[in-house]
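The values are calculated or read from the model by the stated rules, or taken from the named source; none is laboratory data. Since the structure is predicted, the reported quantities are computational estimates derived from the model, not experimental observations. Positions of Cβ are generated from backbone atoms using ideal geometry, with glycine treated the same way; all protein chains shown enter the neighbour counts.
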Amino acid sequence: MNYRCPRLVAPDDGGPLIWEEGAFIAEDGTRYQIVDGIPRFVSDDNYARAFGEQWVRFPRTQLDSATGIPLSASRLARCLRADLACLQGQLVLEAGSGAGRFTEVLLAHGATVDSFDYSGAVAANATNNGKNSGLSIVQADIRRMPFPEAVYDLVVCLGVVQHTPDPEETLRALWSRVRPGGRLVFDHYRRKIRNYLPPPLGVAGMAYRWYFLRVPKGRQFEAVKHVVDFWFPLVWRFRKSRWIQFVLSRLNPIVNYYPHFGLRDREMYYEWMLLDTHDAMTDVYKHRRTAAEIRRFLVSLGAEEIEVSHGGNGVEASCRKPT
């Protein structure tokens, strides 16, 4: 893994960084340590901590190379609105890598990738993809990225924007890294009335999330697993009954992927559902936007070739920066 990436800059002012053994040094003397081969521009104790712990627990669960099912590749291609062959030779900034499910796909199709995450998930990504010479990984804040402006052919951010403190601030920061003529691709949770209604009108997840966020951080995963282990046998037993699944969704918080993902067996569905239920129940920030709101914001940025549609996590968007 190339942690001496020549594109790294100081996150506060965009100035140069000097590499010394074990750290990058900014002009003002600020030291950014390299821990386990990864430059760290933030501490692990931040609002994304639960995500980091999650991906360390499930480092390969969602990788196409581990499942044998191209779920990540298909999702990325759909968001790009193009064949993945278009990635060949592209310089890509990946914001919020998690364990590297999309990093793997980007690299496999010939992109050079600068990837970062706010959480300790960068360790999982380094394990999964760090041997590829086309990859640089750092731990950094999406609002203070140690990457230069107006350089990247593609800036991609999937499954992240809605979990940041201010989605519009996040999108402005990402947009600033896109070169003229380059593209920004991201997704966002969709605003629906049912997301704000308590059961039985809405789903049960909202009430469970209120509880899990009040559990001490060190016990959140076990608390979520306890609830999933209680409900999953029922969810699985009646997985083919749409009516019973509708009723169960009003009572339990499990993120249910059956049969849409086409996973191999009960064990794989359990792992995916546990992972993403934890993801959905312990995120500190959970914003929602309509497709119209996202389109209007991209217009305000001056974006061209704007495409916004419903799909995946909710709303998927792609646009190009004018040349």
Original post:
For Trp231, are the conditions met, namely being over 19 Å from Ala50 (Cα atoms), in contact with a helix residue (DSSP H, G or I) (Cβ under 8 Å, 6 or more places away or on another chain) and not β-branched (Val, Ile, Thr)?
Top reply: yes
**OP:** State whether the residues of the stretch 284-291 include one that is surrounded by 16 or more Cβ atoms within 10 Å (Cβ to Cβ), at pLDDT 95 or above and part of a helix (DSSP H, G or I).
**Re:** yes
Original post:
Does the stretch 138-155 contain any residue that is touching a Leu at 6+ places or on another chain (Cβ under 9 Å), surrounded by fewer than 24 Cβ atoms within 10 Å (Cβ to Cβ), among the charged types (D, E, K, R) and on the phi < 0 side of the Ramachandran plot?
Top reply: yes
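Rundown of residues vs (1) under 30 Å from Leu174 (Cα atoms); (2) touching a residue at least 40 places away in the same chain (Cβ under 8 Å); (3) surrounded by 15 or more Cβ atoms within 10 Å (Cβ to Cβ), yes/no style:
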| site | (1), (2), (3) |
| --- | --- |
| Glu222 | no, no, no |
| Asn252 | no, yes, yes |
| Arg296 | yes, no, no |
| His310 | yes, yes, no |
Subject >> Enumeration of residues in the stretch 234-270 that are over 22 Å from Asn313 (Cα atoms), out of contact with any helix residue (DSSP H, G or I) (no Cβ under 8 Å at 6 or more places or on another chain) and charged (D, E, K, R) >> reply: Arg237, Lys240, Asp265, Glu267
Original post:
Of the residues that make up the stretch 312-323, is at least one modelled with pLDDT under 95 and β-branched (Val, Ile, Thr)?
Top reply: yes
**OP:** Kindly list, by first and then second residue, each pair from a residue in the stretch 123-138 that is over 13 Å from Cys5 (Cα atoms) to a residue that is crowded, with 24+ Cβ neighbours inside 10 Å and of a type in the set (Phe, Trp, Tyr), limited to pairs with Cβ atoms under 9 Å and residues at least 6 apart or on different chains.
**Re:** Ala123/Trp55; Ala124/Trp55; Asn125/Trp55
